[in-house]
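Input: a single structure, listed below in structure tokens.
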Amino acid sequence: MKPQKIGAYEITRVAEIDRMGVDPKFLFGNVTPEIIAANRGWLGPVFIEPDDKLVLSFHTFVIRTKHHVILVDTCNGNDKRRPSMMAWDGLKTPYLENLAAAGVRPEDVDYVMCTHLHTDHVGWNTRLVDGKWVPTFPRAKYLMAKTEFDYFNTVHQSNPPQPVNRGSFIDSVLPIVEHGRAVMVDTDHVLEGADGNGIWLVHAPGHTPGGVQIRVGARDRLAVLSGDIIHHPLQLAEPTLSNPADVDPAVAVKTKLKLMNECADSGLTLLTGHFPDPTAGQVTRHGERFRFRFQGD
Ligand SMILES: [Zn+2]
């Protein structure tokens, strides 16, 4: 992805896992081979592999402002035990080296903001040092939407049979709180500037209760870091495709359609949590449905 210049802000993408093909049913419980066949042409091999696997990326967006370095979403993390999802178990990726290549050392980071608290968005919040999970970014304030944290904390405290979010609440979220690095914010929190000209959050319920999109705007341009509101562009053709992790599938579809319509009407730059490189692009209308076009295509 080319660095995105939005007024005084710059957004770059740093990958943890550049491309991973996943089983369509893992991503969308209600997908069919017919849906994939009907959309393979416009999506192409960047999004659908020859064996029908749907391609995801796991990446962080780095937002640089005049005064701050902000990370949005921290992928899966290294050394995490994820027995319920072997593709993310015990990873050893060069994520910190990739961040360094983009000019970001852990001590440079001022804010970490996760769009939501699922395991593939919080992983690098912490790293393993002498057998303990410690904040990876030692100076950073980790902003968490209070409704999101409270929801998963309540589930965690009820002693569920499976650890919350595949174990990531315990190894990647709670240590941040215990080290005093968490800052709980509202889902309409403003990080810098003001709505429309700055960096601010917009509530995005459905996939999780307190999920947020992060908006970076200047006078003439708006980018939306949309997390998992849209997982894969197949959902632009079939907005009712539902991710099994959606806490409220009907609300998730509503949130998705609202964003797609806004994107198509305004031409804003969409930066999703999982679209592979070059990632950034625009949503366009296609009859009653939508399409995605990479920037510059
Ligand atoms: Zn995700």
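Rounded to the nearest whole Hz, the Karplus-based 3J(HN,Hα) values (6.51 cos²θ - 1.76 cosθ + 1.60, θ = phi - 60°) of segment 280-294 follow the sequence 6, x, 10, 9, 10, 7, 9, x, 7, 10, 9, 9, 10, 10, 5, with x at glycine and proline. With the Cα gyration tensor of segment 80-229 giving a ≥ b ≥ c as the square roots of its eigenvalues, does the rule (a/c under 1.5 for rounded; else a/b larger than b/c for prolate; else oblate) give rounded, prolate or oblate? Note, shape of segment 80-229 comes out oblate.
Based solely on its DSSP helices, what 222 nm [θ] is calculated for the chain when runs of n ≥ 4 H residues each add -39,500 (n - 2.57) and the sum is averaged over all residues, nearest 500 deg cm²/dmol?
On the way: 8 runs with 65 residues, N = 297.
Mean residue ellipticity, 222 nm, calculated: -6000 deg cm²/dmol.
Rounded to the nearest 20, the size of the Cβ-charge dipole of the chain about its Cα centre is 360 debye, with Lys and Arg at +1 and Asp and Glu at -1. Cross-link partners of Lys254 among aspartates and glutamates, defined as those whose alpha carbon lies under 20 angstrom from its own and excluding same-chain residues fewer than eight positions apart: Glu148, Asp188, Asp228, Glu238, Asp246, Glu262, Asp265, Glu288.
Ordering Lys146, Lys2 by the number of other Cβ atoms within 10 Å of each residue's own Cβ, fewest first, gives Lys2, Lys146. Cα gyration tensor of segment 1-108, axes a ≥ b ≥ c as square roots of the eigenvalues: rounded (a/c below 1.5), prolate (a/b > b/c) or oblate? It is oblate, given that a/c is not under 1.5 and a/b is not larger than b/c.
Comparing Thr208, Thr284, Thr60 in a Gaussian network model of the chain where C-alpha atoms under 10 Å apart are linked, the largest mean-square fluctuation is found at Thr284. Residues Lys80, Lys258, ranked from the fewest to the most other C-beta atoms within 10 Å, line up as Lys258, Lys80.
Would you mind pulling out the separation of the Cα centroids of segment 84-112 and segment 189-209, in Å? Using only Cα atoms to place each centre, the spacing works out to 24 Å.
A simple rule links phi to the HN-Hα coupling: the Karplus curve 6.51 cos²θ - 1.76 cosθ + 1.60 with θ = phi - 60°, which for segment 53-70 gives 5, 9, 8, 10, 10, 10, 8, 10, 9, 9, 9, 9, 10, 4, 10, 9, 10, 10 Hz, with x for Gly and Pro.
Taking the DSSP beta bridges in the chain as the whole, what percent of them are antiparallel, to the nearest 5? Present the calculation step by step, with values, prior to reporting the outcome.
Values: 44 of 58 bridges.
Taking every DSSP beta bridge with both residues in the chain, the antiparallel ones total about 75 percent.
As a proxy for reagent exposure, His232, His67 were ordered by neighbouring Cβ count within 10 angstrom, fewest first; the result is His67, His232.
The numbers here are math on the coordinates, done by the rules we state, and not lab data. The model shown is predicted, which means the values in this text are computed figures rather than measured ones. All Cβ positions, glycine included, derive from the backbone under ideal geometry; neighbour counts span all protein chains shown.
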